[in-house]
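The values are calculated or read from the model by the stated rules, or taken from the named source; none is laboratory data. Values in this document were obtained by computation on a predicted structure and should not be read as measured data. With ideal geometry, Cβ positions are generated from the backbone for all residues, glycine too; neighbour counts draw on all protein chains shown.
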Amino acid sequence: MDNWKVDFKATAVSAKLSGWAVLAFDQLYSQRLLNVLVDEHHYGAIWGGIPLISCDVFEHAYYHKDGPARAAYIDNFLKNLNWSRINDRFKKFVK
Ligand SMILES: [Fe+2]
């Protein structure tokens, strides 16, 4: 879990200026959970991937509160995940 968080945070921090960090289940190809960066709205998205967690890292998501401290915003995002709902989503959509 700690390794996953480090990887998810690195994924989110690496967005150029705007994008989404997504934990997705790659249903069509690898059958694995993957952290991916979807830069802007489309670069890097996984065809057929099932998003389980999406972190908005467009500047408008954090700049008004955290200024340029994107990493602090992502830490707070990770602390506030509702794992029960994420688990429900996994059970409902991942076959
Ligand atoms: Fe947004």
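The residue that is nearest to the chain's Cα centre (by Cα), counting only those in segment 59-81 that are farther than 27 Å from LEU28 by Cβ and outside any helix (DSSP H, G or I), is ASN80. Of the residues making up segment 1-36, just one is within 12 Å of the chain's Cα centre (by Cα), assigned to a loop (DSSP other than H, G, I, E, B) and free of Cβ contacts under 8 Å to residues at least 40 places away in the same chain, namely SER14.
In segment 37-50, which residues are over 14 Å from LEU17 (Cα atoms), in a loop (DSSP other than H, G, I, E, B) and not hydrophobic (A, V, I, L, M, F, W, C)? Working first, answer last.
First pass over segment 37-50, keeping only residues over 14 Å from LEU17 (Cα atoms): 44-50.
Subsequent filtering for residues that are in a loop (DSSP other than H, G, I, E, B) retains 44-48.
Across segment 37-50, the qualifying residues are GLY44, GLY48.
Does ILE53 satisfy the criteria of being assigned to a helix (DSSP H, G or I), among the β-branched types (Val, Ile, Thr) and surrounded by 11 or more Cβ atoms within 10 Å (Cβ to Cβ)? No.
Quick one: in segment 1-21, of everything that is farther than 15 Å from ASP75 by Cβ and either surrounded by 14 or more Cβ atoms within 10 Å (Cβ to Cβ) or in contact with a His (Cβ under 9 Å, 6 or more places away or on another chain) (or both), which residue is modelled with the lowest pLDDT? For segment 1-21, the residue satisfying everything is SER18.
If you go through segment 31-50, how many residues are away from the ligand (no atom under 13 Å from the Cβ), on the phi < 0 side of the Ramachandran plot and exposed (fewer than 15 other Cβ atoms within 10 Å of the Cβ)? First the steps, then the outcome.
If we filter segment 31-50 for residues that are away from the ligand (no atom under 13 Å from the Cβ), which is where we start, we get 31-37, 39, 42-50.
From what's left, on the phi < 0 side of the Ramachandran plot: 32-37, 39, 42-43, 45-47, 49-50.
If we keep only those that are exposed (fewer than 15 other Cβ atoms within 10 Å of the Cβ) as well, we get 32, 42-43, 47.
So the answer is 4.
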